[in-house]
Amino acid sequence: MLARIRIALWALVGVAALAGIWLAMQKPRPAPPSADNQMPVQSIGGPFILTGSDGKPFDSRSLEGKPYAIFFGFTHCPDVCPTTLSRLVKLRRQLGKGDDALRILFVTVDPDRDGPAEVGAYSALFATPIIGLTGTPASIDKVKKQFGIFSEKVGQGENYSINHTATVFLIDSKGGFVSTISPEEKDDVASEKIKRVVA
């Protein structure tokens, strides 16, 4: 009986050792990129052309002279996206300078489901001007790369979700990147950042 227990224990040790070797040989999965630790500040952002909710090309250069906040998400997002956009609307309202003081851009990371009509209808839910943008998968990928945005589909079929960077990027009136707002930051900190961009 004792001999059988010893054999079983040695078998377990062998399995554990093999598992450890296998894990050691696996390549670590890269962390999702973020504006804070993956991209040099001077390389974040830049001009881009996507598709507006009216189906026409939207050139970011049309915003010259107007600071804006840009957020990447998707219309089927259950929590982070509506929460973030609602927060931006609230912070803009608190400025007391009107909707033109800070444009809010929403760029979908789900072009397969979010066409012009979908981003337009979604943006309208917030009852205040939000510029909804979509495009081809290639054009979306290009803009994601400019801002260091990570996104990936999760799940199968039509009801998949998307994990994505939840950072808001603040761009000044000259089109230059100024700062970010993270979901963890308190509203007073985020508000001060927005004031610097709008000033």
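The values are calculated or read from the model by the stated rules, or taken from the named source; none is laboratory data. Bear in mind the structure is a predicted one, so any value in this text is a computation, not a measurement. Backbone-built Cβ (ideal geometry, glycine too); neighbour counts: all protein chains shown. For the accessible areas, the whole protein counts, side chains as well, though only heavy atoms, and no ligand, DNA or RNA atoms are used. Shrake-Rupley method; radii C 1.70, N 1.55, O 1.52, S 1.80 Å.
Remark: L88 matches the filter, which requires a residue to be of a type in the set (A, V, I, L, M), part of a helix (DSSP H, G or I) and surrounded by 20 or more Cβ atoms within 10 Å (Cβ to Cβ).
Screening the stretch 161-177 for residues that are open to solvent by 30 Å² or more (accessible area, probe 1.4 Å) and part of a strand (DSSP E or B) and picking the one that is farthest from P111 (Cα to Cα) gives F177. Criterion first (closer than 24 Å to S62 by Cβ, touching a strand residue (DSSP E or B) at 6+ places or on another chain (Cβ under 7 Å) and of a type in the set (A, V, I, L, M)) does L133 satisfy it? For L133, the condition - closer than 24 Å to S62 by Cβ, touching a strand residue (DSSP E or B) at 6+ places or on another chain (Cβ under 7 Å) and of a type in the set (A, V, I, L, M) - is met.
Just so you know, in the stretch 183-198 the residues that are without any contact (Cβ under 8 Å) to a residue 60 or more places away in the chain and assigned to a loop (DSSP other than H, G, I, E, B) include one that is least open to solvent (accessible area, probe 1.4 Å), and it is E185. Screening G115 against (1) open to solvent by less than 40 Å² (accessible area, probe 1.4 Å); (2) at positive phi; (3) of a type outside the set (F, W, Y) leaves a single unmet condition, (2).
For the stretch 80-99, filtering for residues that are at pLDDT below 95 and within 19 Å of the chain's Cα centre (by Cα) leaves 0.
From the list V178, V198, V168, V89, the lone residue that is in contact with a Pro (Cβ under 7 Å, 6 or more places away or on another chain) and under 13 Å from A69 (Cβ atoms) is V198.
Any residue at all in the stretch 100-113 that's part of a loop (DSSP other than H, G, I, E, B), more than 21 Å from T167 (Cβ to Cβ) and modelled with pLDDT under 95? The answer is no, given that none of the residues of the stretch 100-113 is part of a loop (DSSP other than H, G, I, E, B), more than 21 Å from T167 (Cβ to Cβ) and modelled with pLDDT under 95. You will find that of G132, G155, the residue that is surrounded by 13 or more Cβ atoms within 10 Å (Cβ to Cβ) and of a type outside the set (S, T, Y) is G132 and no other.
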